[in-house]
Structure formats: C-alpha cells, structure tokens
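Worksheet for the structure shown next.
The values are calculated or read from the model by the stated rules, or taken from the named source; none is laboratory data. Treat the numbers as computed from the prediction; the structure is a model and nothing was measured. Neighbour counts are summed over all protein chains in view; Cβ atoms, including those assigned to glycine, are modelled from backbone coordinates with ideal geometry.
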Amino acid sequence: MQVLYAMSRDKDMTGKEGLQMYRAHIRQSFELYLLNLLQLIHTAEYAIQDFSIKSSKLRPSEEDRTFRPKLGKNELIDSLKQNKGFHSLCTSHKIYGRVTEDNSRILYNEFAKTDAYKAYLEKKASTIDDHRQILIDLYKSCIAGEMFNDIMEDNYISWTDDKSLVVGAMKKTLKALPAEGAFYEEFQPNDETVTEFGETLLKKVSGEDTELLELIEPTLKNWDADRVAIIDMILLKMAICELTSFPTVPTKVTLNEFVEISKNYSTDKSKDFINGILDRLMKKLNKEGKIVKEGRGLIEE
C-alpha cells in the first residue's frame, strides 16, 4: 500500500523502482525485529555494569551489597547472547552500530525503578519462568517509553507502521526462550509471502491501474472517482486483485483485511466506504465468475 501510494504521488517512479522500495521495506521490518532484540539484550546486560558500579562504592548500601546482576546473567539471556546465527544476522544487517551503551543505560535505569524489577531482585532463587517474565516486563517497559520508540524511529522511519508486527514477534520470541538454533527464521520474510503474494499483488495493481479504475467507477454511484481518498482507491484496487488473483485467500479475509487497514491509514469514514464498495464489487465479480476460490476459501452465498 505504501509503495503504491508513493508511485501515485511520483508519476516518474517506475515499476522496478517500486519493487525495490517494497523489498527495502520488507528488509527493514526484519531489521527492526533484530534491533529490538539486540537492544533488549544490551539493556538487560547493563545489569552487569550496574553490579560493577555498586560493588565499587566506598560506602555501599545494603541494597548495593545484596544486588546481583541476574537480569544480565541467566540462562535465557545467555541463550540469546550466545546464539551465533542471531549475531551473524546483526552483523550482516549492520545492527550493532545502532545500539549504544548510553541508551542501554538509560533504558535499564528506567526499568530499575519498577516494582517488577525490585520484586525480581528480592527473590534469592529465580526460576526460568521468573527470568522469562522479567525479560517480558523489561520489553514492555521499553516499548511503553518515549526513548525506546525514538531510538527505533531514528533508525527506521517505518517503526510506527511496523511496531505492532515487531512487538508481536518479540513477545513470541521471549515467551519461547531459551532461544534454540535458528529461532529467528520464523520471523524472516519468506518467499511465499514476499514474492508469490506481495510482489505479485504490487505488480498487478500497478500494472492494471486503468482497468481496475474502470471496474471501480460504476460502483461509486454519486461519488466522483477523483474525490475518493487516494488511500481508499489504492485499497480498493488491491482488494480486487486479491479477490480475483489469489484463490487460496478467502473472500471474507480480504474484506476484513482491507477494512481494518482503512481504519489505520485513511479517514474516519473510510471503513464504511470501503466495506460498502467492496461488497458491491464482490457481488459483481462473483456474478461474472471472476472470483474463484479453493478449499476453505470458497465463496459463501
């Protein structure tokens, strides 16, 4: 959608350039996942530095004397720190330079004020579940704070759009700790999604723009096509292509998907507008035999 919007604004942008932009966005989404995870690791690791600082005080408090850096030294965080595949990806995607000690220190010190961390430190013997939960709590603390979001947005302008996707992947990763083998592969873009679906959809919508507009216009009734919000028109074109070109995607999924997208990216009235136009288009295309679904994607009468 974002690439198609960019292409609609820049008439000189070629299909090849649009495809390159699309692939860059996909790559950046995965890099955001790597950055989120690496920043979490470094923030947790700062507990070791905190231990060193507390230990070197001339007059340590009782809290200083009893402090243990278990947030940065436990089998779950170690499984991430020692995963060669993950760190190889961080190197190849140049993620290390995006994480600084100052940022990790500030994020850690903010989390150190929380009741969750204090309760965790008070436990003399922590279980794997305790370590897992505190890492989840740490990540929640990070994403709730302005600084963490600024770090992500400073590095990747797409953070706002990709945040929910990345946060979901991070929570799944943390809940599955300790990390084993190529755990990150689950979150790497795969050919079926990126190429067979995404690239095909992009090429069809951009390549059949005129035909799609001619199909949509008769359903607009009292609306002039030029008055339809740009994003709404793009979503309608994408939805038509998905309905007619991807037999394994159920029609209901397509309808719900594009209505939801309109809620996040278009106007307040777009949800009802998209829903109404797509309903008319689906009936028309179905009647003409242009929507053919397979298996569970069969059209419901």
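Restricting attention to the stretch 37-80, and to residues there that are under 39 Å from the mean Cα position of the chain (by Cα) and part of a loop (DSSP other than H, G, I, E, B), which single residue is nearest to Ala144 (Cα to Cα)?
Here the residue is Leu71.
What is the number of the single condition among (1) surrounded by fewer than 17 Cβ atoms within 10 Å (Cβ to Cβ); (2) assigned to a helix (DSSP H, G or I); (3) charged (D, E, K, R) that Lys124 does not meet?
(2)
Kindly establish whether Glu180 is under 24 Å from the mean Cα position of the chain (by Cα), in a loop (DSSP other than H, G, I, E, B) and surrounded by fewer than 19 Cβ atoms within 10 Å (Cβ to Cβ).
Yes.
Just to be sure I understand the filter: pairs with C-beta atoms under 6 Å, separated by 6 or more residues or on different chains, first member in the stretch 121-142 and over 18 Å from Ile48 (Cβ atoms) and not assigned by TED's automatic domain parsing to the domain that holds Thr173, second member surrounded by fewer than 17 Cβ atoms within 10 Å (Cβ to Cβ) and modelled with pLDDT of 95 or more. Which pairs pass?
As it stands, the answer is none, since no pair meets every condition given.
Among the residues of the stretch 205-221, are any in contact (Cβ under 8 Å) with a residue 24 or more places away in the chain and of a type in the set (Lys, Arg)?
Within the stretch 205-221, not a single residue is in contact (Cβ under 8 Å) with a residue 24 or more places away in the chain and of a type in the set (Lys, Arg).
Listed here are the residues, each with its yes/no results for (1) closer than 30 Å to Lys172 by Cα; (2) of a type outside the set (Val, Ile, Thr).
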site: Tyr184; (1), (2): yes, yes
site: Phe187; (1), (2): yes, yes
site: Asn190; (1), (2): yes, yes
site: Thr193; (1), (2): yes, no
site: Glu196; (1), (2): yes, yes
site: Thr210; (1), (2): no, no
site: Pro218; (1), (2): no, yes
site: Lys237; (1), (2): no, yes
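Please name all residue pairs, on different chains or six or more residues apart, with Cβ atoms under 7 Å, provided the first residue is in the stretch 58-82 and is without any contact (Cβ under 8 Å) to a residue 24 or more places away in the chain and the second residue is assigned to a loop (DSSP other than H, G, I, E, B).
Listed pairs, sorted by first residue: Asp64/Lys57.
Does Ile151 count as of a type outside the set (Lys, Arg), in a loop (DSSP other than H, G, I, E, B), closer than 22 Å to Ala24 by Cβ and under 18 Å from the mean Cα position of the chain (by Cα)?
In short, no.
Answer yes or no: is there a residue in the stretch 85-107 that is at positive phi and modelled with pLDDT of 95 or more.
Yes: one or more hits.
Against the conditions (1) in contact with a helix residue (DSSP H, G or I) (Cβ under 7 Å, 6 or more places away or on another chain); (2) at pLDDT 95 or above; (3) over 29 Å from Glu63 (Cα atoms), where does Asp162 fall short? Just the number, please.
Going through (1) in contact with a helix residue (DSSP H, G or I) (Cβ under 7 Å, 6 or more places away or on another chain); (2) at pLDDT 95 or above; (3) over 29 Å from Glu63 (Cα atoms) one by one, Asp162 breaks only (2).
Determine which member of the set Thr173, Thr160, Thr200 is over 24 Å from Ser104 (Cα atoms) and outside the structural domain of Cys241 (by TED's automatic domain parsing).
None of the others qualify; the one that does is Thr200.
Of all residues being touching an Asp or Glu at 6+ places or on another chain (Cβ under 9 Å) and part of a helix (DSSP H, G or I) in the stretch 260-285, which is farthest from Pro218 (Cα to Cα)? Just the residue, please.
Result: Asn264.
Can you find, within the stretch 201-244, the residue that is modelled with the lowest pLDDT among those that are outside any helix (DSSP H, G or I) and surrounded by 15 or more Cβ atoms within 10 Å (Cβ to Cβ)?
Among those residues, the one meeting the criterion is Val228.
Here's the yes/no breakdown for (1) in contact with a Phe, Trp or Tyr (Cβ under 7 Å, 6 or more places away or on another chain); (2) more than 29 Å from Ile231 (Cβ to Cβ); (3) not in a helix (DSSP H, G or I):
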position	(1), (2), (3)
Ala116	no, yes, no
Tyr120	no, yes, no
His131	no, yes, no
Leu138	yes, yes, no
Ala169	yes, no, no
